[in-house]
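Okay, so here's the structure we're looking at.
The values are calculated or read from the model by the stated rules, or taken from the named source; none is laboratory data. Quick caveat, the model's predicted, so the values are computed rather than measured. Using ideal geometry, Cβ is built from the backbone for each residue, glycine included, and neighbour counts are taken over all protein chains shown.
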Amino acid sequence: MIKAVRGTRDLLPPDTALWNFVEAAVRDVFRAYNFQEIRTPIFEETALFSRSVGEETDIVSKEMYTWEDRGRAASEKGQSLTLRPEATAGIVRAYIEHKLWDRGLNKLYCIGPMFRRERPQKGRYRQFYQIDAEIIGPASAGSDSPARDAEVLEMLATLLNRLGITDWNLELNSVGCANDRARFNEALRQALKPVVGKMCADCQRRAVTNPLRVFDCKVPEDQPIIEKLPRISQFLDEPCRAHFEAVQEILKSVGVEFQINDRLVRGLDYYTRTAFEFTHGALGAQNAILGGGRYDGLSESLGGPAAPGIGFAIGEDRLVMSLKETAEGVLRKPDVYVAPLGAGMNGEAARLARELRQHDLVVELGDETFRLKKSFEAATKAGAKYILIVGENEVKAGAFALKNLATAEQVQVARGDLAHRIQEK
Ligand code: HAM
């Protein structure tokens, strides 16, 4: 038997109702903040990710699904392509390619699958889904303002609360600008020199190529060493410090709680200034429900104009997991099971089902070959509230037996009153 590939999975009903519930709430909340949807391709040129996310990151160095394309045109032969591991790079590419700055400040969001060859475990998949949102535009449109950072964070708090997820924790940091990071990286290099020999092979390499990435290390033995390294907070210049202060001030005035975590550097290289994660207690080891931050130099590094930006990606798989306990009400079962009784009744039953569905009822339809007992069993299995019997006598009389499956109460209802009667309770 062929099974789904390791790290991928089928999303089955009734869970898919939760996914739709989440996505409907997301679209609703994002609309109130004037975000609009963008859909970018699922694969891109590999260079897009190595130049933005960064060569030394775990994502680019170990986790991407990359292949050499067999393209037909000579120019395509041997082109290196990659399944998108995240959405920001593709959105910024599209921003540049379509000169989206002509439309002013752009607030864009995208929902879809991402791919990373990680070791699968609870909450970690190789095909997973992100709900990604970005604010990007020229600084003249205010895209570098701390007001944007705070707006994005407040929107996230609103969304999570709206979904009934209250047990979240916002961790906030500033990773400074390129200058701050150059000084920080130098300080890290110095601090690592005497100790790096005791660290894992990855850290030994990172210490030379991109010392900041040492903070991504998960090896338990390395943690006491990492704990003693300098923190980026000690290297912020005055404008970065003021920006970070301003973000915090606005968050306080809108009542969004946060905790400063000066170890938070995020696993992607494009971040500048504000970086954040929302964690959720119930998720276990993979407790980051979403992450994001500012990326003021990203557009330039991809050959575009200066376009400061900030955004985030929610791990939709994890969001749905943290929602499960509270989401019983989302799963809509059939309101009524329409049971044709006897030969020639399928047509009448279909007509009735059609009328009821036009009243926004969820209707499950049986078959005339079913005996009454089998219809009742099928209605119960489907979780229907009512069963409606459609036999020759009922059709002639224009009134139908409607039975509440929970209370066993049965009433005769005239055709015209059926929808109203079913909706009532
Ligand atoms: P990220 O932290 O790599 O950021 O991913 C964001 C979220 O995606 C994580 O917090 C997690 O919930 C989810 N996620 C990541 N990998 C997996 C996985 N293997 N299985 C399940 N869920 C996963 C980014 O991707 C940035 N592009 C976010 C961003 C947007 N920054 C600015 N704009």
Just need a number here: residues in the range 122-155 that are within 9 Å of the ligand (Cβ to nearest atom) and over 15 Å from G311 (Cβ atoms). 7
Residue check, E76 against (1) farther than 21 Å from F276 by Cα; (2) within 20 Å of the chain's Cα centre (by Cα), all met but one. Which one? (2)
Against the definition (under 23 Å from E151 (Cα atoms) and either in a helix (DSSP H, G or I) or in contact (Cβ under 8 Å) with a residue 40 or more places away in the chain (or both)), how does I250 come out, yes or no? yes
I'd like to check something: does the range 191-199 contain any residue that is within 16 Å of the ligand (Cβ to nearest atom) and β-branched (V, I, T)? no
Name the residue that is surrounded by the fewest Cβ atoms within 10 Å (Cβ to Cβ), counting only residues in the range 68-108 that are within 10 Å of the ligand (Cβ to nearest atom) and in contact (Cβ under 8 Å) with a residue 40 or more places away in the chain. E86
I need every pair where a residue in the range 142-156 that is closer than 14 Å to H243 by Cβ has its Cβ under 9 Å from the Cβ of a residue that is of a type in the set (D, E) and assigned to a loop (DSSP other than H, G, I, E, B), sequence separation at least 6 or different chains. S143/D296; D144/D296
Applying the selection to the range 267-295, what residues are touching a helix residue (DSSP H, G or I) at 6+ places or on another chain (Cβ under 6 Å), among the hydrophobic types (A, V, I, L, M, F, W, C) and either near the ligand (Cβ under 8 Å from one of its atoms) or modelled with pLDDT of 95 or more (or both)? I289
Yes/no for D367 being at pLDDT 95 or above and more than 16 Å from the ligand (Cβ to nearest atom): yes
